[in-house]
Amino acid sequence: MTYDLTGKTIIITGGNSGIGKAAALKLALVGATVVMACRSAERGARAQEEIRQASGNHRVEWMQVDMASQASIRQFAVAFQDRHARLDGLIHNAANFDLSMKKPVLTEDGVETIFATNHVGIFLLTHLLLDLLKASAPSRIITVASKGLNLYPNLDIEFDNLNGEQKYSPQHAYYHSKLAQVMYTYDLAERLQGTGVTVNCIRVTNVALPDERLGNIPGWLRKIYSLKRSMAITPEAQADTYLYLAADPDVEHITGKYWDEHNRQVASSKKSYRRETWQQLWETTSRLAGIS
């Protein structure tokens, strides 16, 4: 289907590389005003120019935000609302999966970096922009999880280990944060029923990682990722699902679902549907994000 998003404004975090950049280009090609929220000014500006040239759409901009820093997120939300009167889509693509981290590193806010970036920051940014999303309805929020969660069917939210106090590895921290995103999607979708704002989550599959993402990992692990890349889909192929959920009229009223790379609804783990855990996660994240 050919979409037309002229007049629509969409934020995509981490839009300067990989799937995020591919999705930003696809959104620009169908006329959207695309705001790439990027941590790096250099990479953000470069991606903006490349996407403008490739799409012919000059309504592509970048704004700086560090999703691990609550101060940065708050500054971004204020700056965005000063520039833009509407927000039709918020795509939470940016994530931290730094395999070189051998022990927990806490942010300036006292939260483990991967959990801060992949869950707490997303919760906070959504909270700060929610009134604008409601005012712009129908609007859409898209979160991103990972097919790798299938390898952890018994994983649950470890409220006594959010900062890696009991055990830590970057892989565990990453999938723990992604499970939190799945639960957050289901919970937020229910809370927003009747507002015109939908919330859906993408189960990203094995996507070829760019070389720059492999620079800080051991050689043996780099070989494994090279093998995985030979069996992976391209960022552009996965970005088709981003575009589908952001633009397709058939999903305008669908909310609280989990989607694979073929635009099909799929199930998550049994524990991800526990409403008691959703409630505790919401309360805990609110406290970590400084939201009363």
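Tabulated data for the structure shown
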item: Count of the range 240-292 residues which are assigned to a helix (DSSP H, G or I), over 24 Å from Ser139 (Cβ atoms) and not acidic (Asp, Glu); result: 11
item: Residues satisfying the stated conditions in the range 23-53, i.e. in contact with a Leu (Cβ under 7 Å, 6 or more places away or on another chain) and not in a strand (DSSP E or B); result: Ala23, Lys26, Leu27, Val30, Gly31, Ala32, Ile51
item: Qualifying residue in the range 55-64 (condition: assigned to a helix (DSSP H, G or I) and surrounded by 17 or more Cβ atoms within 10 Å (Cβ to Cβ)); result: yes
item: Neighbours by Cβ (under 6 Å, 6+ apart or cross-chain): first from the range 39-63, of a type outside the set (A, V, I, L, M); second assigned to a helix (DSSP H, G or I) and loosely packed, with under 15 Cβ neighbours inside 10 Å; result: none
item: Qualifying position, being buried (at least 19 other Cβ atoms within 10 Å of the Cβ) and assigned to a loop (DSSP other than H, G, I, E, B), among Leu132, Leu162, Leu188, Leu149; result: Leu162
item: Filtered residues of the range 105-127 (kept if buried (at least 19 other Cβ atoms within 10 Å of the Cβ) and of a type outside the set (Val, Ile, Thr)); result: Glu112, Phe115, Ala116, Asn118, His119, Gly121, Phe123, Leu124, Leu125
item: Matching entry among Ile73, Ile141, Ile122 (being in contact (Cβ under 8 Å) with a residue 40 or more places away in the chain and part of a strand (DSSP E or B)); result: Ile141
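Let's see how each residue does on (1) out of contact with any helix residue (DSSP H, G or I) (no Cβ under 6 Å at 6 or more places or on another chain); (2) under 22 Å from Gly18 (Cβ atoms); (3) at pLDDT below 95:
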| position | (1), (2), (3) |
| --- | --- |
| Ala95 | no, yes, no |
| Ile114 | no, yes, no |
| Phe123 | no, no, no |
| Ala135 | yes, no, no |
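The values are calculated or read from the model by the stated rules, or taken from the named source; none is laboratory data. These numbers come from a predicted model, not from an experiment. FYI the Cβ positions are ideal-geometry reconstructions off the backbone, even for glycines, and counts take in every protein chain you see.
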